[in-house]
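Heads up: the structure comes next, in structure tokens.
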Amino acid sequence: MTASSLNHILPCADITELLQQRLSLAESDNADKDTGDHVLNPDLGPYARWEGPPRDAAVLIGILPRDDGPSVVLTQRTGHLKSHAGQVAFPGGKIDPTDAGPVEAALREADEEIGLKPDSVAPIGRLSPYLTGSGYRVVPVIGMIGADTAFRANPDEVEDVFEVPFGFLMDPGNHIKQSRVWQGKRRYFYEMPYGERYIWGVTAGIIRSLYETVYG
């Protein structure tokens, strides 16, 4: 059975149980395993565009129950930001010294960016850290969000909040491997266009990591 067909057959409660089981297995089997941009580009190394120590960050993969199957919450970043302006991203950011860890950081950032209150999210696990070429070690936190939750985009950081069906993102047929030349070398990455939304780069890489963890 494919991931996309599972999305249509299983109710959100069963998707939650499946995720918990697979994430728990992955955490015990691959406690020290990192994923990241370097998986598709081993010759560039894990932090290709960064010379200092990695910076810790966390993002929230928030899953919502819907009548036609669960969906995932994503954001369109505003165009005036210094980095990744206008790109599709998960809510998240740097882990502050005052954060207890990745889960608290992801929930705090989601509150700041899209008005998602921490008590509206039930964390169920996390993926292996994702290492980015720009020097971040990102921990993706998976959480289930209440169906009636309303979002409020922070205009300083987020232009729009939208949803993409979980089944679409977990269908490997929608994971397109693309490449561009960077500093004389061809760099490979995933893209997952969804309507007018262009999901690519780190966000698509994290989605691919979720797919490989749960369905791989």
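Annotations for the structure displayed:
- Exactly one residue out of Gly45, Gly52, Gly93, Gly115 is more than 29 Å from Gln20 (Cβ to Cβ), small (Gly, Ala, Ser) and free of Cβ contacts under 8 Å to residues at least 40 places away in the same chain: that is Gly45.
- Conditions (1) free of Cβ contacts under 8 Å to residues at least 24 places away in the same chain; (2) open to solvent by less than 70 Å² (accessible area, probe 1.4 Å): number failed by Thr213: (1)
- When each of Gly101, Gly143, Gly125, Gly135 is tested for being open to solvent by less than 10 Å² (accessible area, probe 1.4 Å) and at positive phi, the lone residue that passes is Gly135.
- Pairs meeting the criteria (first residue in the stretch 192-205 and under 16 Å from Pro172 (Cα atoms) and in contact (Cβ under 8 Å) with a residue 12 or more places away in the chain, second residue polar (S, T, N, Q) and part of a helix (DSSP H, G or I), beta carbons under 7 Å, at least 6 apart or on different chains) are Met192/Asn174.
- The stretch 123-149, residues that are touching a helix residue (DSSP H, G or I) at 6+ places or on another chain (Cβ under 9 Å) and of a type in the set (Gly, Ala, Ser): Gly125, Ser128, Gly133, Ser134, Gly143, Gly146, Ala147
- From Arg55, Arg49, residue being basic (Lys, Arg), modelled with pLDDT of 80 or more and under 27 Å from Glu159 (Cα atoms): Arg55
- Evaluation of Gln87 against the conditions (1) over 15 Å from Leu60 (Cβ atoms); (2) free of Cβ contacts under 8 Å to residues at least 24 places away in the same chain; (3) surrounded by 14 or more Cβ atoms within 10 Å (Cβ to Cβ) shows that the sole unmet condition is (2).
- Within the stretch 146-187, considering residues that are free of Cβ contacts under 8 Å to residues at least 60 places away in the same chain and touching a Phe, Trp or Tyr at 6+ places or on another chain (Cβ under 9 Å), the one surrounded by the most Cβ atoms within 10 Å (Cβ to Cβ): Asn174
- Residue list for the stretch 179-207, filter: assigned to a loop (DSSP other than H, G, I, E, B) and of a type in the set (Asp, Glu): Glu196
The values are calculated or read from the model by the stated rules, or taken from the named source; none is laboratory data. Here the structure is a predicted model, which means the values were calculated and not measured. Please note: Cβ atoms are built from the backbone with ideal geometry, for glycine as well, and neighbour counts cover all protein chains shown. Ligands, DNA and RNA are stripped out before the accessible areas are found, and what is left, the full protein with its side chains, is counted by its heavy atoms. Shrake-Rupley method; radii C 1.70, N 1.55, O 1.52, S 1.80 Å.
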